[in-house]
Amino acid sequence: MTFTYAHRVRSYEVDHQGIVFNGRYLELADAAMTEFFDGFGWTYPQLIALGFDPAVVAIDLRFRAPARLGDDLVVTVTCTHVGTTSTVLHFVVRRGEHDLASITTTYVNVTSGVGRSAPIPQPIRERLVAIAQHQGESS
């Protein structure tokens, strides 16, 4: 199951070269991650209340082509791995049919306020495993 998030590039997101500043791609991935979980019925505050507070521990960001002011982008989100305490989401940023960037982010669930890793709560883990399996990935 692939989730999509739409975004139009705004003026404050471009650099002096007129293209989207590289750090903004991480913001796009973060917004898409939040919308991904919201799309499955969990707002961020609900995730926290359930004991799921995903902390980024690794990011792989690859650029293919620039995005520019006014571009309509679509970010696709797929779940590629689910472990006991971690999950991996893969994001592809597209403009039309063109892939602009890919981002792979590893999250570890932490205990809110403490920062220690903790198992992903069962209802969230079950949903993530089902999503990953639906995409043809084993967990």
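The values are calculated or read from the model by the stated rules, or taken from the named source; none is laboratory data. Fair warning: this is a prediction, and the values are worked out from it, not measured in the lab. Cβ sites come from the backbone with ideal geometry, for glycine too, and all protein chains shown count toward neighbours.
Residues of region 21-33 being closer than 27 Å to THR43 by Cβ and surrounded by 12 or more Cβ atoms within 10 Å (Cβ to Cβ), which ones? I'd like the intermediate steps shown before the answer.
Of the residues in region 21-33, the ones closer than 27 Å to THR43 by Cβ are 23-33.
Hits for region 21-33 are ARG24, TYR25, LEU26, GLU27, LEU28, ALA29, ASP30, ALA31, ALA32, MET33.
Of the residues that make up region 71-87, is at least one more than 17 Å from PHE3 (Cα to Cα) and either in contact (Cβ under 8 Å) with a residue 60 or more places away in the chain or charged (D, E, K, R) (or both)?
Step one: list which residues in region 71-87 are more than 17 Å from PHE3 (Cα to Cα), which gives 71, 83-86.
Of the ones still in play, those that are also either in contact (Cβ under 8 Å) with a residue 60 or more places away in the chain or charged (D, E, K, R) (or both) are 71.
Looking through region 71-87, at least one residue is more than 17 Å from PHE3 (Cα to Cα) and either in contact (Cβ under 8 Å) with a residue 60 or more places away in the chain or charged (D, E, K, R) (or both).
Report, by residue number, each residue of region 93-139 that is at pLDDT 90 or above and touching an Asp or Glu at 6+ places or on another chain (Cβ under 6 Å).
Of everything in region 93-139, those that are at pLDDT 90 or above and touching an Asp or Glu at 6+ places or on another chain (Cβ under 6 Å) turn out to be ARG95, THR104, VAL110.
Could you tell me whether any residue of region 72-80 is over 16 Å from the mean Cα position of the chain (by Cα) and under 25 Å from GLU13 (Cβ atoms)?
yes
What strands (runs of 3 or more DSSP E) completely inside region 1-97 contain at least 3 residues that are in contact with a strand residue (DSSP E or B) (Cβ under 8 Å, 6 or more places away or on another chain) and more than 24 Å from HIS134 (Cβ to Cβ)?
Answer list for region 1-97: 54-63.
Within the bounds of region 111-123, is there any residue that is surrounded by 13 or more Cβ atoms within 10 Å (Cβ to Cβ), in contact (Cβ under 8 Å) with a residue 12 or more places away in the chain, among the hydrophobic types (A, V, I, L, M, F, W, C) and not in a loop (DSSP other than H, G, I, E, B)?
No, there is no match, as no residue in region 111-123 is surrounded by 13 or more Cβ atoms within 10 Å (Cβ to Cβ), in contact (Cβ under 8 Å) with a residue 12 or more places away in the chain, among the hydrophobic types (A, V, I, L, M, F, W, C) and not in a loop (DSSP other than H, G, I, E, B).
If you go through region 86-99, how many residues are crowded, with 16+ Cβ neighbours inside 10 Å and either in contact with a Gly (Cβ under 9 Å, 6 or more places away or on another chain) or not charged (D, E, K, R) (or both)?
Number satisfying all stated conditions: 8.
Which of the residues belonging to region 42-71 are of a type in the set (D, E, K, R) and either surrounded by fewer than 13 Cβ atoms within 10 Å (Cβ to Cβ) or closer than 26 Å to TYR12 by Cβ (or both)?
Scanning region 42-71 gives ASP60, ARG62, ARG64, ARG68, ASP71.
Restricting to region 18-29, and then to whatever is without any contact (Cβ under 8 Å) to a residue 24 or more places away in the chain and over 10 Å from the mean Cα position of the chain (by Cα), can you tell me which residue is nearest to ILE59 (Cα to Cα)?
Ranking the candidates gives GLY23 first.
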